[in-house]
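> Sharing a structure here in structure tokens format.
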Amino acid sequence: MELRPGYKQTEVGVIPEDWDVKPLAAITDKIMVGIASAATYAYRPNGVPLFRNQNIKNGRLDDTDLLFVEPDYELAFRNKRLRAGDLLTMRTGYPGVTAIVPAKYDSSQSFTTLISRPKPHAADSNFLCHYINSDLGQEFFAQSQIGGAQKNVNAGTLREMPVLLPSVPEQRAIATALNDVDALLEVLTRLIAKKRDLKQAAMQQLLTGKTRLSGFHDEWQPKRLGELAEMDSGGTPPASVFAYYDGAIPWASISDMTKSGKVMTGTERSLSQLGFINSAAKMFPVGSVLYALYASLGECSVAGIPLCSSQAILGIRPHASLHNEFLYYYLIYLKPVVKTLGQHGTQANLNKPMVQDFRLELPSVAEQIVIATMLSDMDAELSALEARRDKTRALKQAMMQELLTGRTRLVIPAATESKNAERTNDRRANIHFKRSVLAAEIIDRLHDEPTFGHVKFEKMIFLVEQLCEVDTGSTYHRDAAGPYDNRALRSIDTQLRKQKWFDAQKIADRYRYAPMANRGKHKEYFERYFGGIGTAFDSVIETFRTLTTERCEIVATLFAAWRDLVQQNGPVPDDVIVNEVLNNWHESKKRIPEERWRKALSWMRDHGFVPRKAIGA
């Protein structure tokens, strides 16, 4: 089959030409197992949070049932402390299900789960989380599980997982689109829960007469259900006689009840006339209330078609004084109590005399109908919300299949087009050489400035990469002077000297960049690789041209901390950003007064130097 233009064939299928396939280990700083021992003696009511399998949901951490360990115990495992943006993956139970560690649980721990730490400039945490939880990721885990009765995966397996990898800006765009759908699903889930609670409260008030409807004043009458309805259980013909089944008479089972909801309009199985005659089955007319005597004890449905049933179901035919839907809702309301009444053998069960002895307060038929109508309207609203939620889930699955494989490409915002232009112009260019080209242009513009030296350059290349959204393959760490990649810096200095563009020389007490014979010859490469970032690049250079090294450090540090927080939580208050810098970065940051950090944040907003997801926050 001919490939689409712009796509290529790989070992894992067809992907866009500018995407890569890399093992997870290549785009993470570490993959390891959390604390391996139960350490029950160290559990405390509070302390260092400890996440377990049950806290890991699809894409998020559930902290409703957290364990805590004492800080002294946790110190022994400080090398396994979690960072915001780390991924936690189940090893057993449902191997492969993955969640992201939010900023508020930075420095927490995990128990036996797999921990992955994505490299910030190679992979976006949200993108990777969606990828691992997608059909692509889960299929890998299904094929890679080991063990007997309880399947599991290990760190070695996770390291080998192939990841289809677009550029970091495109990863973020994909993750944002999927996060938006997740946010809608979360809203719908909360709304459904709220509506269910409202319905439960309405049933409690309306079905017991605690709240009376306008226009109704008659006293409710105490009654036995046996006085108000006829009822019979069904029957099951021998399963070995095939001629008894697959006929024209619908035959309801407990399974049909749990699937049908309120009104049963069809059944999975049917009886022949011969099967009906040779069993204790009885026909129940439309409107009969079907009631589960065991298995799903207390489950209810209303017959929407004439049918018979198994012996596990009681067919209740109300008299004229009892409205069938009022009875349906009343039996649903009684369900929690009924579960405690069942006789216990191999399973809890009811029988016909027990159900006949149910007691209820009965209003007039007219009031029953109005109550049933109100509750039915609430059911209809719930059903519509549940259908919308299910449709949204299906939409997300389809989006994941399209976006995570590159079959559908998102339109990347203009600010990120530079990365695509860079790849299109020369996808095979050596990343180290390209990084030195970008460095040479920064140095060429600023090397004569009194404030410019080795340290300020470190901050400038980080800010250019972030604010112009280009990827040079650097991996920045939280250092005393701000975001810092020592290996990349050494590589840049080596390349600059090799190309005879600039030489880093120690003059007095600091390193400065001195021009060499080929200064300026990098520009043709700069235009080829980074031509699309011209305006943004000029703005960054001119804004920071005369700023001191310390001011550049403040801005670079704030941007890095803000970006990490935003990737997990969306909009982030200034207090949280400043706290992250002062308490979770490096002790040296406390030398700078808190007020300067806050003023710098305001300055960054005024100049538009804001992580992309924080725009509009």
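> Looking at L375, L341, L382, which one is crowded, with 18+ Cβ neighbours inside 10 Å and either at pLDDT below 95 or not aromatic (F, W, Y) (or both)? Spell out the reasoning first.
Working: L341 fails: crowded, with 18+ Cβ neighbours inside 10 Å; L382 fails: crowded, with 18+ Cβ neighbours inside 10 Å.
That would be L375, the only listed residue that is crowded, with 18+ Cβ neighbours inside 10 Å and either at pLDDT below 95 or not aromatic (F, W, Y) (or both).
> Given (1) under 27 Å from A398 (Cβ atoms); (2) out of contact with any helix residue (DSSP H, G or I) (no Cβ under 6 Å at 6 or more places or on another chain); (3) at pLDDT below 85, identify the lone condition not met by P95.
Among (1) under 27 Å from A398 (Cβ atoms); (2) out of contact with any helix residue (DSSP H, G or I) (no Cβ under 6 Å at 6 or more places or on another chain); (3) at pLDDT below 85, P95 violates only (2).
> Give the number of residues within the stretch 157-213 that are of a type in the set (S, T, Y), in a helix (DSSP H, G or I) and either closer than 21 Å to R60 by Cα or free of Cβ contacts under 8 Å to residues at least 12 places away in the same chain (or both).
Of all residues in the stretch 157-213, those of a type in the set (S, T, Y) come to 157, 167, 176, 189, 208, 211.
Add one more test, that the residue is in a helix (DSSP H, G or I), and what stays is 157, 176, 189.
Narrowing further to those that are either closer than 21 Å to R60 by Cα or free of Cβ contacts under 8 Å to residues at least 12 places away in the same chain (or both): 176, 189.
Within the stretch 157-213, residues that are of a type in the set (S, T, Y), in a helix (DSSP H, G or I) and either closer than 21 Å to R60 by Cα or free of Cβ contacts under 8 Å to residues at least 12 places away in the same chain (or both) number 2.
> Next question, about the same structure. Any chance the stretch 331-351 includes a residue that's outside any helix (DSSP H, G or I) and in contact with a Lys or Arg (Cβ under 8 Å, 6 or more places away or on another chain)?
Narrowing the stretch 331-351 to residues outside any helix (DSSP H, G or I): 339-351.
Still in the running and in contact with a Lys or Arg (Cβ under 8 Å, 6 or more places away or on another chain): 348.
Yes.
> Is one or more of the residues making up the stretch 211-219 exposed (fewer than 12 other Cβ atoms within 10 Å of the Cβ), among the acidic types (D, E) and within 45 Å of the chain's Cα centre (by Cα)?
Checked against the condition, which is being exposed (fewer than 12 other Cβ atoms within 10 Å of the Cβ), among the acidic types (D, E) and within 45 Å of the chain's Cα centre (by Cα), the stretch 211-219 yields no hits at all.
> Tell me which residues, restricted to the stretch 57-87, are buried (at least 20 other Cβ atoms within 10 Å of the Cβ) and either among the polar types (S, T, N, Q) or in contact with a Gly (Cβ under 7 Å, 6 or more places away or on another chain) (or both).
Listed by number, the list holds a single entry, V69.
> Filter the stretch 505-514 for residues that are within 24 Å of H477 (Cβ to Cβ) and loosely packed, with under 11 Cβ neighbours inside 10 Å and give the result.
K506
> Could you go through the stretch 466-480 and let me know if any residue there is buried (at least 23 other Cβ atoms within 10 Å of the Cβ), at positive phi and either assigned by TED's automatic domain parsing to the domain that holds G85 or not in a loop (DSSP other than H, G, I, E, B) (or both).
Within the stretch 466-480, none of the residues are buried (at least 23 other Cβ atoms within 10 Å of the Cβ), at positive phi and either assigned by TED's automatic domain parsing to the domain that holds G85 or not in a loop (DSSP other than H, G, I, E, B) (or both).
> Related question: Among the residues of the stretch 582-600, are any assigned to a helix (DSSP H, G or I) and β-branched (V, I, T)?
Step one: filter the stretch 582-600 for residues assigned to a helix (DSSP H, G or I), giving 582-584, 587-591, 594-600.
Those left that are additionally β-branched (V, I, T): none.
Within the stretch 582-600 (the criterion being assigned to a helix (DSSP H, G or I) and β-branched (V, I, T)), the answer is no, since none of the residues qualifies.
> Among the residues of the stretch 316-330, is any under 27 Å from A202 (Cα atoms), in a strand (DSSP E or B) and among the hydrophobic types (A, V, I, L, M, F, W, C)? Steps first, please.
Going residue by residue through the stretch 316-330, those that are under 27 Å from A202 (Cα atoms) are 316-330.
Restricting the remaining residues to those that are in a strand (DSSP E or B) gives 316-318.
Okay, now just the ones that are also among the hydrophobic types (A, V, I, L, M, F, W, C), so 316.
Looking through the stretch 316-330, at least one residue is under 27 Å from A202 (Cα atoms), in a strand (DSSP E or B) and among the hydrophobic types (A, V, I, L, M, F, W, C).
> All but one of (1) closer than 16 Å to F462 by Cα; (2) buried (at least 23 other Cβ atoms within 10 Å of the Cβ) hold for L565, so report the exception by its number.
The single condition L565 does not satisfy is (1).
> Please specify each residue of the stretch 109-146 satisfying the condition of being of a type in the set (S, T, N, Q) and not in a loop (DSSP other than H, G, I, E, B). Spell out the reasoning first.
Step one: of the stretch 109-146, the residues of a type in the set (S, T, N, Q) are 109-110, 112-113, 116, 125-126, 133-134, 138, 143-145.
Listed by number, the residues that qualify are Q109, S110, S116, S125, N126, N133, Q138, Q143, S144.
> Another one. Can you find a residue that is in a loop (DSSP other than H, G, I, E, B), over 47 Å from the mean Cα position of the chain (by Cα) and surrounded by fewer than 20 Cβ atoms within 10 Å (Cβ to Cβ) anywhere in the stretch 492-504?
yes
> Right, V576: within 23 Å of the chain's Cα centre (by Cα), surrounded by fewer than 20 Cβ atoms within 10 Å (Cβ to Cβ), assigned to a helix (DSSP H, G or I) and at pLDDT below 90 or not?
Values: within 23 Å of the chain's Cα centre (by Cα): yes; surrounded by fewer than 20 Cβ atoms within 10 Å (Cβ to Cβ): yes; assigned to a helix (DSSP H, G or I): yes; at pLDDT below 90: yes.
Taking the combined requirement at face value, the residue satisfies it.
> Suppose we keep only residues that are outside any strand (DSSP E or B) and aromatic (F, W, Y) within the stretch 226-267. Which one would you say is modelled with the lowest pLDDT? Before you say what the answer is, go through the steps one by one.
Filtering the stretch 226-267 for residues outside any strand (DSSP E or B) gives 226-228, 234-244, 253-262, 265-267.
Applying the additional criterion that residues be aromatic (F, W, Y) yields 242, 244.
Numbers: F242: 86, Y244: 91.
Taking the candidates together, the pick is F242.
> Limited to the stretch 75-108, what total is found for residues that are within 19 Å of S134 (Cβ to Cβ) and outside any loop (DSSP other than H, G, I, E, B)?
Result for the stretch 75-108: 6.
> Kindly evaluate L75 against the criterion of being without any contact (Cβ under 8 Å) to a residue 24 or more places away in the chain and aliphatic (A, V, I, L, M). Before you say what the answer is, go through the steps one by one.
Details: without any contact (Cβ under 8 Å) to a residue 24 or more places away in the chain: yes; aliphatic (A, V, I, L, M): yes.
Yes: the conditions hold for L75.
> Could you go through the stretch 140-157 and let me know if any residue there is surrounded by 19 or more Cβ atoms within 10 Å (Cβ to Cβ), under 20 Å from N79 (Cβ atoms), small (G, A, S) and in the same structural domain as N53 (by TED's automatic domain parsing).
Checking the stretch 140-157: not a single residue is surrounded by 19 or more Cβ atoms within 10 Å (Cβ to Cβ), under 20 Å from N79 (Cβ atoms), small (G, A, S) and in the same structural domain as N53 (by TED's automatic domain parsing).
> Among the candidates A312, A281, which residue alone is more than 42 Å from the chain's Cα centre (by Cα), of a type in the set (G, A, S), buried (at least 18 other Cβ atoms within 10 Å of the Cβ) and farther than 20 Å from Q200 by Cβ? Explain how you work it out, then say what you get.
Details: A312 fails: more than 42 Å from the chain's Cα centre (by Cα).
A281 is the lone residue from the list that is more than 42 Å from the chain's Cα centre (by Cα), of a type in the set (G, A, S), buried (at least 18 other Cβ atoms within 10 Å of the Cβ) and farther than 20 Å from Q200 by Cβ.
The values are calculated or read from the model by the stated rules, or taken from the named source; none is laboratory data. Since this is a predicted model, take the numbers as computed values, not measurements. We place every Cβ from the backbone using ideal geometry, glycine too, and count neighbours over all the protein chains shown.
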